[in-house]
Amino acid sequence: MLIAEDLLLLVTDDATGKPVVGSTELDHGLAGGVLLELAMSGRVDVEKGKGIGRGDRVVVADASRTGDSVLDHALTRILEKPRKPESVVGALRKGLRPRLYERLADHGILRMEKGRALGLFPSTRWPTVDAAHARQLRQELNDVLVVGIEPQPRIGAIVSLLHAIKAVPKVVDSREDKKAAKARAKVIAEGAWAAAAVRKAVEAVNAATVAAVAAAAAATNGSGG
């Protein structure tokens with residue numbers, strides 16, 4: 001299972017099969033998950049920009065195939081040219097969510113249900129078939145966010161993404177624990193759990209995701225005004 005698949009599973013309601021966060025936040029978070037996975041496997045790195053006005057760039061450190069179609073597709077896109085982290089996240093998000101949903105259905109975790117919203121518009125839901133993996137994930141998150149156990153890198157990455165898309169309260173059951181969990185997630189999102197090279201990617205992905213969500217919100221507000 002990819003980090004992005006776990007993130008998608010966590011923010012998809014078991015019964016309704018619908019995401020519990022906004023589309024913009026979710027799609028950028030999923031793309032960030034793919035980028036973090038590549039960074040954690042040593043396939044990509046984030047290089048500091050050189051010269052005035054030059055921002056960070058995502059570059060390929062190891063172009064060998066991963067054996068996973070989603071990761072290999074992402075690696076190919078990044079190989080095209082060095083890009084800013086926010087550009088990479090924007091490029092990788094296209095078509096990613098339905099592809100990941102289909103993979104979760106192939107794993108027997110979700111099932112696809114087609115219908116019509118308001119009786120008119122085609123819609124697709126992905127309710128849970130087998131909740132075992134999601135239960136395990138939520139238990140690990142509870143241990144880290146509520147109990148205070150230090151996260152393993154994979155859970156640390158998931159927490160950082162949940163924090164970036166403001167979804168931490170959605171995965172913590174107890175109302176009393178939500179505030180503490182948000183504070184804990186903020187600390188984890190700083191990346192102390194990660195090796196130095198990965199920490200740069202965590203920072204870049206968090207910043208890129210937050211910036212993309214803010215830009216989308218500003219565009220929506222502007223068009224509405």
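Please treat every number below as a calculation from the coordinates, not as lab data. Small disclaimer: the values here were computed from a predicted structure and weren't measured. Here the Cβ is made from the backbone with ideal geometry for all residues, glycine too, and neighbour counts use every protein chain on show.
Numbers for the structure displayed
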quantity: Proximal charge balance of Val60 [Cβ under 13 Å; K/R count +1, D/E count -1]; calculated: +1
quantity: Extended-chain gain in nm, criterion 0.36 nm per residue less alpha-carbon gap, Leu120 and Arg199; calculated: 23.8 nm
quantity: Proximal charge balance of Ile149 [Cβ under 12 Å; K/R count +1, D/E count -1]; calculated: -2
quantity: Extension reserve of the Leu79-Arg111 stretch, reckoned as 0.36 nm per residue once the Cα distance is removed; calculated: 8.1 nm
quantity: Residue among Lys114, Lys166, Lys48 with the largest mean-square fluctuation in a Gaussian network model of the chain, springs linking Cα atoms under 10 Å; calculated: Lys114
quantity: Extension reserve of the Lys182-Val59 stretch, reckoned as 0.36 nm per residue once the Cα distance is removed; calculated: 41.1 nm
quantity: Most mobile listed residue (Arg93, Arg83, Arg116) in the chain, GNM with C-alpha springs under 10 Å; calculated: Arg116
quantity: Among Leu120, Leu36, Leu161: highest mean-square fluctuation, GNM of the chain, C-alpha pairs under 10 Å; calculated: Leu120
quantity: Local electrostatic count, Glu190, Cβ distance below 9 Å [Lys/Arg +1, Asp/Glu -1]; calculated: +1
quantity: Surface/4 estimate of mean projected area, convex hull on alpha-carbon atoms of segment 3-218, nm²; calculated: 13.1 nm²
quantity: Reachable lysines from Lys179, criterion Cα separation under 20 angstrom, eight or more residues apart if same chain; calculated: Lys166, Lys170
quantity: Estimated [θ] at 222 nm from DSSP helical runs (n ≥ 4, -39500 (n - 2.57)) normalised by residues in the chain, nearest 500; calculated: -17500 deg cm²/dmol
